Amino acid sequence: MALEALKEEKSLAELAVQFDLHPNLISKWKRQALNGLVSIFAVPKESKNTRDYEAQIKQLQAKIGELVVERDFLAGIYKKV
């Protein structure tokens, strides 16, 4: 119903008669649909999952740094032997 109203191919009065509903109800649903569609396509704010993901990336980058230092240290020892 709300999608039909959003298409604006028919007037609210025509839709009200077709679906046996009050025009105000159709207007309300149309408004709610517009607000809901905006939130669906809006850029999401930072969530807990995003923070967890970023923390995990930092942790993995630190581990990579440790492994690189360890590898370079061991490579230096083996060159001397």
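A few comments on the model shown:
- Out of Leu74, Leu37, sole residue that is among the hydrophobic types (A, V, I, L, M, F, W, C), part of a helix (DSSP H, G or I), under 33 Å from the mean Cα position of the chain (by Cα) and surrounded by 10 or more Cβ atoms within 10 Å (Cβ to Cβ): Leu37
- Filtered residue count, the range 40-71, keeping only those that are at pLDDT below 85 and either assigned to a helix (DSSP H, G or I) or surrounded by 10 or more Cβ atoms within 10 Å (Cβ to Cβ) (or both): 6
The values are calculated or read from the model by the stated rules, or taken from the named source; none is laboratory data. Note that this is a predicted model, so its numbers are computed, not measured. Counting neighbours? That spans all protein chains shown, and the Cβs are built from the backbone with ideal geometry, glycine included.
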